[in-house]
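To start, the structure under review is shown below, and the notes come after it.
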Amino acid sequence: MKERTIWEQIADSFRSRSIWMLHYCTGCGAMELPPTMTARFDMERFGIAPMATPRQADILLITGYLNTKTLRRVIYTYEQMADPKYVIGFGSCTINGGIYFDSYSTINRLDYYIPVDVYIAGCMPRPEAILEAFNYLMEKIRKGEADGWKRYRENYDWYKQNQIRSLGEVYVHDEFHE
Amino acid sequence: MISLLIAIPLLLAFVSVMWKRLAKPLFFLAAVTNMTVLLASWFPNSVEIHVMGSWKPPFGINLVFDNASFYAALVVNFFFFLVSLMPNLVESYGVSLMLLMAAANGFVLTGDLFNSFVFMEIMTITAVTVASRRENFYNAFKYLILGGIAGSIYLLATIFAYTATGSLNMAHVSMATISASSLVAITTLYAIGLGVEAKLFPLNGWVSGVYGGNDLAPVILGTSVSFAALYMVGRLFGTVFHGSGAGVLYTLALITIIIGEVAALRQQNLLKAFAYSSVAQAGVVVAMISKGTSRAMGLAYFHLTNDAVAKFVIFLVAGFLVYNYKNLNGVFKKHKVLGASFSMATFSLVGFPLFAGFQSKLRIIMELFSMKDYLFPAVMLLATLIEVGYVVRWNVKLWFEEETDEKADNPIVAGTLALILSLLLVAVFIKPEIFLGGAMKMGNALADTKDYIHGVLSVVKGGM
Amino acid sequence: MALSTLLISLLVTSVVIYFISKVSWRAGAILNFLIGVFLISYVFALHIGVTSNLGTLFGQKLQLTWTHASYYFSAVSLLVIVSVMLFAIKWLDSQKYPAAFNMFILMMTAGSLGVFMAADLITLYIFWEIAVLSSMLIVPMGKKESRKAAVIYAVMSASGTYMYLYGAFLAFQRYGTLNISEIARHMVSDPSTGIKAAIFLLLASAGIAKSGIFPLHTWLRIAHGNAPDAFSAVLSGQLVKLGSYVLMITVAAIPSLRVFGNIPFYSGIPATNYFLIALGATSIIIGTLMAIKQDDMKMLIAFSSVANGGYILIGIGTMDPMGFEGGVLHVFNHAIAAAVIFMAFASVVYRTHTKKISELGGLIHKMPITFLAYLFAIISLAGIPPMSGFISKWMIYQALVRKGMFITAFIAFFGSIGSFLYVFRPLAGVFLGQLPKKYKDVKEVPPVMWIPMMTLVVISLVIGIWPFPVLQPIEGMRMDYGIAPTMRIADSSHWLIKGFSGSWNPVLVFNLFIIGFVIAYILYTMFPRPKKVDLLAPHKEEGAPINIYTGGEYIYTPELYHYNTKFYAGFERMYEKHPSWEKVLEMLAKFFHDLGEWVHGWFFRPSPSAYTFWVSLTILIVFWVRW
Amino acid sequence: MVAAYKALFNLVVAFFLVLSLEGIGRKITARIQRRIGPPWYQNFIDLFKALSKHPFSNGWIFDFGVLMALGGTMATAMVIPMGSAFWTPFPNSDNFFVIMYLFAVGALGMAMGMVGSGNPWSSIGVSRALTQMLGYELPYLIVISSTIFHYKTASIHKLIEMQRGGWNLLVMPLGGIIAFVSLMGMLGKKPFDIATAPAEIASGPMTELSGKYMGLLHIMHVFAIFVEISLFVDIFLGGGNFGWYLVKFIVVWVLAVMISSVLPRFRIEQMIKFYWGVPLGLAFLNALFVLLGWTL
């Protein structure tokens, strides 16, 4: 990967110290976030704060498994986030579909569709693991290795064709929208 | 000379009974001659009388010709003349119109109480025939009944007057001293008797029916005949009875104003609405007459003249519209001239500036204030407020609503007449003397009893 | 040319204009505009104190005279009217009666000029009626409801006018003159307070009715809401000011402080003035609350006119130098702002054919100039610097706080903050947000329509930065009426406006705003360029969703995603079941109808026998009364 | 020229002071909630991070609104006196009403830009913000008017000088308390953060703000807080020299933060009812006292 300018390095160090996350809570992983936020583990001390809209968020936290229906929303949300943006795949469902791996509608590997910077293995991962992952992500951001958003831009066609292949069509055309 | 005013229409009426087809031209002829006669003797600034037979007053019947009766006769005949210009309006009513004309003239000119009763009867009956046009029989019948009652009461009053004074000559009666009680009786009965023709509440029940019934009646009854009747009010209560009994008139008149306006407000029929408004205007005039001073009376007749002209235009246009269209929405888009004159006439009625009504109304209010009468102006302004309501409503309806595809060709004569008269209203605003001078002379003549008595009972002039 | 000749020739010309417009209405409109321009130049050339005779009416001389007040009010009115005339040159092609419109608007101009020039009450009345009549005939040229509107307008205005007439003649009967200054002189020396108060209030009631003050305010909603769109600008921007003028005449030209000095009510303000102030305050409350909940944008601004009429009345009513100048200056500000707003709405309606906020949206990308005009107009209307609207509000607050009138001040503050709410509603609903698909190919209005708006906006802005040209005639007016003649408020040498509690410098404030804006712009350019996302689906290829945050959902129907119905639902819910004064007046009208019904049923419908009964009854009553 | 330097100094002070105070506020809240909380300079980091991102824009009115908001608020912040006549950039124009209405420019700009983003959440947030303004401004303005009536001047630095004898807070304690309650509403802290309710309307007006727009509006918010608290300090706590002024500023801020960190959120009409209930009544009572001269 190419060298960063001094400005980018400074910016990256800022980015690494202030992470606003949009947690996409489809699965059981959501259960693990409240303890992580609140007094026991207190993720705010790392400058991590939950955000309400993708426009403001820096990282997209995919907690738990995805199916074809939710994946559409995930992609749409991800594309609405402002660069630079990072994705954390949370739990084994995002890695290999977890216990639902053989369902007809389950998405088995998230990073075919959107670039994932950090995976958290386990079912469920405990808050310690989550914080560990965040620290790792911060490290990557500071080093400038968390370049998922760049990859998405460069290999846009590849991601799109994967999305199309499994979703048929990224935009929904169901009875509500005809 | 002035007895021609009565004689000619009467004569021609009988002639035209024999030759029906001649009725219209003869009516026209009568109107023209009357106008010429009147124009020939312009404002006799003295009191002339004309005795029937050579019975000197107070014994014989005599016609009185002074500024008052001249101005009244002028207005009366003027409207007959205007009507006679419109043959399609006259149709087969030439005869009765001529009779009506004769009666109205007689009523205005006579100087004798009983004679005036006779003329009033003729006037009522012919008016009823006119009113019964277009199968408007029931309302005409009502009118007949009321007219009959009024006539009888008028007669009763005359009899009282005779018993009280031993004379029927107005001048003589006005000289005589009448005991208070019988004066009360006489004036009250006269008030009631004239109340029907003068459209006083509650004797004006016939008005809406008759005026709303066809297109000829309002045009002639609402202008000439009511002017004649209101003239007589002024003559009796101003000249003869020196303003005793004015209180009755005043009260009734004020009630009449309000009643007329509110009745006009809810009215859905164009002709009837303005019939009620003429009721209200008559109320204003009567109330003003009851004030008794010469200036007040003059203003009253000034107002009445403006009102008569405006009403003539309004009823002319309204009659045309009502009997040519089912749905009146936006008809004026098709008849711009009629519309313009109608609007001007109605605005003059309300008393907006730029039109004659403004002059008379404001003068009246001013006069009343100078008389320290604070009630009447308030009533009048309230009435005007209601008037604004329905006048604007009708104008908006007739001008701006979506029109229907009904058609009717423009009436040329009526249109021109309406336009000329409405422009006359504007002219009067700019130069009120056009009507005001005559009206003021009339007022003076009516208020000035001495001169009247002297003129009547002094040396006899003319005769036939 | 003498004033009287001017007015009369204007009246005559208006009829001529009608026939010209019959041939080509556009020629008539252009001619109108030229006449208007001439009038403006004429007005600015006139010298204060010119008088001229209009002839005599029943023994009274009808006199016209040119005072500071006439100069100020005529200039403001002409500014509004002329811009509307220019606007109309194009706008009229959407109208049904262009010829009549041209005639009546010129006639109305003549009438209002006459009102401002009149030196005596009866002249004022005559021209007043001319103005009312001609405007009343333009109102029903609009949509269906406008017919009813015309009637209500006429009746309300007439009710005020006739009270005025009664008062005028009362004064005449007592003082033997109709000349305003004469009457003022007599009133000062008149001992009886009752009659003076009666005359005062009766005269004021005309202004109350015309400028939409509380008891007689209801006609503004329906008349301004339904009149032809561009004419609403004149109605709200100019005609309402006739009322303010009459109020000013009654309160200031008749020196109410000295006339009613014997009945002080609160901090040196007479009870009569305080009564007017209370009415003004009430109309501020009503206007604001009702404006906030309107969905029809024209009615919304109509109610805001009610509120602003209240401001003017309060300001003048205090008869405090600051308050008086504030009130009079507010006439100018509201005239300009309301005119621009209504013209902007007229442009919107001209293109989209609807005035319901809930049916519009996102027009900013289609009609940017109209949007800017509206934006600056509402900034002025809400009284935010650097537009001129702020200056008058500041002055009025100064007066209120100085007099310690806290409740009135509270209501004024409420109206001012409420105005943020209601002016923002059309901004959000009509111009911002999502554009419904059906307005995909709406265009900006042609220059001849936006030039007048923009001119007025620029004038308002310039006056907001450098208000002294307008403040001079107002100070002159103040001197004429002798309100604290020594005090100077506009200090143009130091660029200051001095209140009793400190001063401020409009130029400086404007510069600060510019500096702040520049700094903000520098910051804006320092950081990465934004990626334009189009929030309007119709612009993108078919089937593309709206590109805004939708909780991950795809939305294809922008109009459903545009929040503009019941914009202040949370607040409106608090006064849903408010009592309505309109209903009261409707009850009154209905009462008269029913009375007519009753009368008709009892006296005019029945059979002849009933008549005989009535006749005999009358005879009996009369005899009984008289014996 | 000196005035210009003072004005710029205002901006600099406002920026650093308030940003660090915000961080401290977050720390305090965290401690109250038994957390450790972010470092005091966290908000600087957040701000610069936001500015460094690649944002989205929804059309020119969106940008224009943000600029107008920031510019208007800066203009206001430049007029504010900081605790003494010396630190008053423009002694001729620091009239209270001028400041209040100049302040409204920022609010209007923000509202316009955010609604321009075309997001219904933003519109709802803006409508709530304006309604809230209707709520808290009225008691505040009544109190300030009675203050102006009492001291016969509306220019802030004159008011500060007049309070040499004793703080206005002690002269009219009722008014001071009401003004502080209104200040809570102005700051938009709990329980009055109805406009930006992240859980219900996705942070209201800011819904569509990304990257530098977020940052610029954050700066605007910083200046807004500066203006609001400075007005309170100047009018009620009697200024003092610059150090004292800062101390008072910090105290007021910390108090506000502590109150807000233990309270839930009002609904919009509850907020209106609250402000038009007791505070408004007490404000009028205070005005009455001032009229009668019953001041301490």
Restricting to helices (runs of 4 or more DSSP H) lying wholly in region A:1-85: which have 2 or more residues that are of a type in the set (Lys, Arg)?
A:6-17, A:68-80
Within region D:72-82, can one find any residue that is in contact with a helix residue (DSSP H, G or I) (Cβ under 7 Å, 6 or more places away or on another chain), within 7 Å of chain C (Cβ to nearest Cβ), over 30 Å from residue C:285 (Cα atoms) and assigned to a loop (DSSP other than H, G, I, E, B)?
no
Within region D:29-38, restricting attention to residues that are buried (at least 18 other Cβ atoms within 10 Å of the Cβ) and facing chain A (nearest Cβ under 9 Å), which residue is farthest from residue D:19 (Cα to Cα)?
D:35
Exactly one condition in (1) touching a strand residue (DSSP E or B) at 6+ places or on another chain (Cβ under 6 Å); (2) at the interface with chain C (Cβ under 7 Å from one of its Cβ atoms); (3) charged (D, E, K, R) is not met by residue D:137; state its number.
(1)
Going residue by residue through region B:290-298, is there one that turns out to be out of contact with any Pro (no Cβ under 9 Å at 6 or more places or on another chain), assigned to a helix (DSSP H, G or I) and more than 24 Å from residue B:245 (Cβ to Cβ)?
no
Residues that are of a type in the set (Phe, Trp, Tyr), at least 2 per element: which helices (runs of 4 or more DSSP H) completely within region D:146-249 meet that?
D:212-236
From the list C:110, C:99, which residue is over 30 Å from residue C:354 (Cα atoms), small (Gly, Ala, Ser) and either in the same structural domain as residue C:52 (by TED's automatic domain parsing) or part of a helix (DSSP H, G or I) (or both)?
C:110
Can you go through B:381, B:362, B:349, B:385 and tell me which one is crowded, with 24+ Cβ neighbours inside 10 Å and on the phi < 0 side of the Ramachandran plot?
B:349
When both residues are 6+ apart or on different chains and their Cβ atoms are under 6 Å apart, which pairs have a first residue that lies in region D:39-55 and is without any contact (Cβ under 8 Å) to a residue 12 or more places away in the chain and at the interface with chain A (Cβ under 7 Å from one of its Cβ atoms), and a second that is buried (at least 18 other Cβ atoms within 10 Å of the Cβ) and of a type in the set (Ser, Thr, Tyr)?
D:45/A:18; D:49/A:18
Is region C:513-526 home to any residue that is within 14 Å of chain D (Cβ to nearest Cβ), surrounded by 22 or more Cβ atoms within 10 Å (Cβ to Cβ) and outside any helix (DSSP H, G or I)?
no
Within region B:383-404, take every residue that is among the hydroxyl-bearing types (Ser, Thr, Tyr) and closer than 24 Å to residue C:161 by Cα and give me the one that is farthest from the other protein chains (Cβ to nearest Cβ).
B:390
Taking helices (runs of 4 or more DSSP H) that fall entirely within region B:1-113, which contain at least 3 residues that are without any contact (Cβ under 8 Å) to a residue 40 or more places away in the chain?
B:4-18, B:23-40
When you go through C:334, C:353 one by one, which is the residue that is free of Cβ contacts under 8 Å to residues at least 40 places away in the same chain and of a type outside the set (Asp, Glu)?
C:353
Pull up region C:143-162, narrow it to residues that are aliphatic (A, V, I, L, M) and more than 8 Å from chain B (Cβ to nearest Cβ), then point me to the one that is nearest to residue C:224 (Cα to Cα).
C:149
Within region D:229-279, how many residues are touching a Pro at 6+ places or on another chain (Cβ under 7 Å) and more than 19 Å from residue D:176 (Cβ to Cβ)?
4
Residues of region C:395-412 satisfying the condition of being part of a helix (DSSP H, G or I), at the interface with chain D (Cβ under 7 Å from one of its Cβ atoms) and either more than 22 Å from the chain's Cα centre (by Cα) or surrounded by fewer than 24 Cβ atoms within 10 Å (Cβ to Cβ) (or both):
C:401, C:406, C:410
Filter region C:336-393 for residues that are among the aromatic types (Phe, Trp, Tyr) and under 24 Å from residue C:313 (Cα atoms); which is nearest to the other protein chains (Cβ to nearest Cβ)?
C:390
Which ones in region A:8-60 are surrounded by fewer than 18 Cβ atoms within 10 Å (Cβ to Cβ), under 16 Å from the mean Cα position of the chain (by Cα) and at the interface with chain D (Cβ under 9 Å from one of its Cβ atoms)?
A:50
Are any residues in region C:571-588 assigned to a helix (DSSP H, G or I) and in contact (Cβ under 8 Å) with a residue 24 or more places away in the chain, and if so, which ones?
C:571, C:572, C:575, C:581, C:582, C:585
Do we find that residue B:24 is touching a strand residue (DSSP E or B) at 6+ places or on another chain (Cβ under 9 Å) and more than 20 Å from residue B:72 (Cβ to Cβ) in this structure?
no
Expected single match for over 30 Å from residue D:118 (Cβ atoms) and within 13 Å of chain C (Cβ to nearest Cβ) among D:207, D:153 is D:153
Checklist (1) among the basic types (Lys, Arg); (2) farther than 14 Å from residue B:303 by Cβ; (3) at the interface with chain C (Cβ under 10 Å from one of its Cβ atoms) applied to residue B:361, failing item
(2)
Residue check for residue C:482: at positive phi and either without any contact (Cβ under 8 Å) to a residue 24 or more places away in the chain or assigned by TED's automatic domain parsing to the domain that holds residue C:29 (or both):
no
When every residue in region D:93-110 that is in a helix (DSSP H, G or I) and small (Gly, Ala, Ser) is compared, the one nearest to the other protein chains (Cβ to nearest Cβ) is D:104
Quick one: which of B:155, B:183 is surrounded by fewer than 24 Cβ atoms within 10 Å (Cβ to Cβ), within 11 Å of another protein chain (Cβ to nearest Cβ) and not β-branched (Val, Ile, Thr)?
B:183
Could you please give the count of residues in region C:175-199 that are closer than 14 Å to residue C:122 by Cβ and among the polar types (S, T, N, Q)?
2
Considering only region B:136-149, I want to know if a residue exists there that is of a type in the set (Lys, Arg), within 14 Å of another protein chain (Cβ to nearest Cβ) and crowded, with 19+ Cβ neighbours inside 10 Å.
yes
Could you list, ordered by first residue, the pairs with Cβ atoms under 7 Å in which the first is in region C:497-508 and more than 7 Å from every other protein chain (Cβ to nearest Cβ) and the second is part of a strand (DSSP E or B) and not aliphatic (A, V, I, L, M), at least 6 apart or interchain?
C:497/C:503; C:497/C:504; C:498/C:491
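The values are calculated or read from the model by the stated rules, or taken from the named source; none is laboratory data. Fair warning: this is a prediction, and the values are worked out from it, not measured in the lab. All Cβ positions, even for glycine, are placed from backbone atoms using ideal geometry, and neighbour counts span all protein chains on display.
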